[in-house]
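Following: one structure in structure tokens, then a few remarks.
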Amino acid sequence: MIDAPSYPDPLGMSRPPTAQPVTPTYWQATAGTAPDDDGRLESDLDCDVAIIGGGYTGLSCAYHLTKLRVASVAVIEANQPGWGCSGRNGSFARPAIGRVPHADWERKWGAEIADAMFAEALAALETARNVIQEADIDCDVMPEGWLKIAHRAGRVAALQREGDLLRNRYGMAVEFLDAKRLAAEHVACGDGYGALRWPLSFAMHPLKLVYGLVRAARGQGAVIFRDTPALGLDKDGGRHVISTPRGLVRARHLVISTNGYTVEGLFPKLRHRLLPVMSNIVVTRPMTLEEKQAGNFVTSDCMSDARTLLHYYRRLPDDRIMLGGKGPVRATPRQMAAHRQELLRVIERKFPFMKAPSVEYFWGGWVALTPDSLPHITTAEDDQSLHYALGYIGSGVSCSLHAGRRIAEKITGQQVSLPTPLTAALPKYPMAAFRRLGQRAAMKWYALKDERL
């Protein structure tokens, strides 16, 4: 049996973890050779824009800044580019912005903002497509499609209502599939009572996407430093000053894109505003031909169930099954090992045609939740040269790439009008010192609710 890893809680960190080894994942095992970066920063550096965080947001921001002719762009990453969730996520690019249900959008924000939010979600997916195409990134892009599957019979009606809303209110050509069609056209799930199929969404290889972004950004002139943590921030006149172990970075603009790995003590404007939550993934052995045929597992669509604490899954190109979900509150080896077994039981329940499945890869990573269940792509009210984009609520592939682009456009004076919920200041968690206790209670409640119907 593979060892269960442990992951230090970002809420308890006083400085970023530095020079950490690459987490052993299926993506890491199949990505090929990592591209060159600029190594470790060894001396002081002056630049136009400094970006803290070398994941999708930071790399996309650097790529788009260089496309927009910004002369000097530097990314500083405490570990390797894509070391966090950008290199180990569930691989789904969807038109998703946060976790506020579509049914609540118009009531919560009004019709105009609801329309703008939906348009921005579609734009985010288009940004993901465009980056991959323009930068010629070979990242195993799969055909488009996403199945949101009713895991209980009682969830079918809610999915049908959601489909009606998306078609009638937002003009999205979603289609409801009953259990028979789901089994005949996609996969015979053990808990598939029907599905809402989106025509827009795709899966890819997330670490290969990181590698492609590194090559593209550096190819246009950005510098990307690994093993270079930000240890302190200051302001000297009109320039931000970032302390690193071996040099100072001075920049006219500063972008913070650390998401689930944000160290609150470094960024006072983000203190008490994020909740890092563990998300875990298992990858099985390859299915046999007989197993694939028994389950009619022909779909390459992204899939997730209708739980609040959802599971997300897909068939990989080598016929393994990848499945992920929320991890334990405390990511100790013992709790991680227990959750690995829980995810294996979910595999057995969802895919009963796979006989004696085994887990060959298991890993986790911290995703960032926000109090309002929305990402924030914004500029500090009291400092128009300080920008941050983070809080993707576990649905960050397309949104983070898009956020990096939007911040780049903001810095270069492009005319971009984002919906106000995304540009508002990130709110604080009430009673922030007790975030983990609140998370534990919420997860128990949602787990009961998810299985009630």
Inset, instruction - Normalising by the residue count of the range 201-300, find the relative contact order in percent from Cα pairs under 8 Å and 6+ residues apart. - result: 12
Legend entry - Packing rank of 232-240, 62-70, 403-411, where each peptide gets the mean count of other beta carbons within 10 Å, highest leading: 403-411, 62-70, 232-240
Legend entry - Alpha carbon centroid spacing (whole Å) that separates the range 272-309 from the range 409-444: 27
Inset, instruction - At 7 Å along the Cα-to-beta-carbon direction for both residue 309 and residue 102, put a label point, then send me their distance in nm to one decimal. - result: 2.6
Legend entry - Gain in span if fully extended, residue 13 to residue 138, counting 0.36 nm per residue against the direct Cα distance: 41.4 nm
Inset, instruction - Would you list, by chain and number, the aspartates and glutamates whose Cα falls below 15 Å from the Cα of residue 410, excluding same-chain residues fewer than 8 positions away? - result: 48, 381, 383
Legend entry - Accessible heavy-atom area order of 14, 86, highest first, probe of 1.4 Å: 14, 86
Inset, instruction - Would you mind calculating the relative contact order of the chain from Cα pairs under 8 angstrom and at least 6 residues apart, reporting the percent as a whole number? - result: 26
Legend entry - Ordering of 390-400, 368-378 by burial proxy (mean other Cβ atoms within 10 Å per residue, highest first): 390-400, 368-378
Inset, instruction - Assuming R0 = 60 Å, can you tell me the calculated FRET efficiency for the pair residue 185 and residue 248, based on Cβ-Cβ distance, to the nearest 0.05? - result: 0.55
Inset, instruction - Mind checking the full-extension length gain between residue 441 and residue 113? Use 0.36 nm per residue of separation minus the Cα-Cα distance, one decimal, nm. - result: 114.9 nm
Inset, instruction - Give me the percent of DSSP beta bridges within the chain that run antiparallel, rounded to the nearest 5. - result: 70
Inset, instruction - In nm, give the distance between the simple-model label positions of residue 425 and residue 236, each being 7 Å from the Cα along the Cα-to-Cβ direction. - result: 2.8
Legend entry - Principal-axis tilt of helix 397-411 within the chain, Cα atoms, nearest 10 degrees: 30
Inset, instruction - In whole Hz, with x marking every Gly and Pro, tabulate ³J(HN,Hα) for the range 431-438 from phi via Karplus 6.51 cos²θ - 1.76 cosθ + 1.60, θ = phi - 60°. - result: 6, 4, 5, 10, 4, 5, 5, x
Inset, instruction - State, as an integer percentage, the relative contact order of the range 302-428 based on alpha-carbon contacts under 8 Å between residues 6 or more apart. - result: 16
Inset, instruction - Can you send over the carbon and sulfur percentage of the accessible area for the chain, probe radius 1.4 Å, protein chains only? - result: 51
Legend entry - C-alpha center-to-center spacing [the range 206-224, the range 27-94] in angstrom: 7
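The values are calculated or read from the model by the stated rules, or taken from the named source; none is laboratory data. Keep in mind the model is a prediction, meaning the values are calculated, not measured. No Cβ is skipped: glycine too gets one built from the backbone with ideal geometry, and neighbour counts run over all protein chains shown. Just the protein is used for accessible areas: all its heavy atoms, side chains included, with ligands, DNA and RNA removed. Shrake-Rupley method; radii C 1.70, N 1.55, O 1.52, S 1.80 Å.
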